[in-house]
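Undergrad: Can you keep this structure in mind? I'll have questions shortly.
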Amino acid sequence: MNTHIRYLQLFGLLILSLCMFSCVYKSKVSISNDCESMVGWTDTVPLVKGDAHSGDYFTRTDSASKYSLTFRRKLKHITDYEVRRIDLGVWVRAEEGANAKLVVALDHKKRAVFWAGVELRKEDLVPGRWTRLYYSYYLPEKMHPETEVKVYIWNTSGKKVDADDFDIHFYLGAEKWKNDSFSLTSSQEFRHQ
């Protein structure tokens, strides 16, 4: 009898946990770039044609170019809902001894409101080979819809660091933006899940 009650308690706890998790994020918006298309990405950094992870092109950082191709978009042009978390995935190939950071920066009215740069750890990289890296960033609450999101690689060593196949996932809260003076920008690059 005690075993049966214990199983019911564990089952109830599991259901409660699932409900709590499902209530935290309404859904997500995913954006990908394989360096073959440029919508939403700044093109001030030339792409390299060659041995990409997929396709023909990738972005390279080195002593001449510290910053990779950059995703830049206002939150209101990504979703109608508040963003709670951003997950980033990218394929990286680095030279021996290279140092770089995968950066998420949020600016509102030309003022930084959030900046996080995760060091690309040497133990996660195999020099000269494409390696998949994935990080999560939890955002401050009550972000303004006019806030601009920037995602990029920042090379802090000057040695070659290549990047390809960026994936950005915006996890949405249940609340719509408080500002009703905007509309969602639609584009084939956005996938709502």
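Undergrad: Please report the projected area of the range 42-86's Cα convex hull averaged over all directions, in nm².
TA: Answer in nm², one decimal: 4.8.
Undergrad: Give the residue list of trypsin sites (Lys or Arg not before Pro) in the range 86-159 that are DSSP loop and have at most 15 other beta-carbon atoms within 10 angstrom.
TA: For trypsin sites (Lys or Arg not before Pro) across the range 86-159 that sit outside H, G, I, E and B with at most 15 neighbouring Cβ atoms in 10 Å, the list reads 109, 110, 121, 129, 142.
Undergrad: Okay, moving on. Using 7 Å Cα-to-Cβ label points, what is the residue 141/residue 49 separation (nm, one decimal)?
TA: For the pair residue 141/residue 49, the computed spacing is 5.1 nm.
Undergrad: Here is a follow-up. Taking R0 as 25 Å, what's the FRET efficiency between residue 116 and residue 157 from their Cβ-Cβ distance, rounded to 0.05?
TA: Using R0 = 25 Å, I get an efficiency of 0.85.
Undergrad: With just the Cα atoms of the range 86-176, tell me how far they stretch along each of the three principal axes, in Å, largest first.
TA: 44, 25, 18
All of the numbers you see were taken from the coordinates with simple rules; none came from a lab. Bear in mind that the values here come from a model prediction, so they are computed numbers and not experimental data. Using ideal geometry, Cβ is built from the backbone for each residue, glycine included, and neighbour counts are taken over all protein chains shown.
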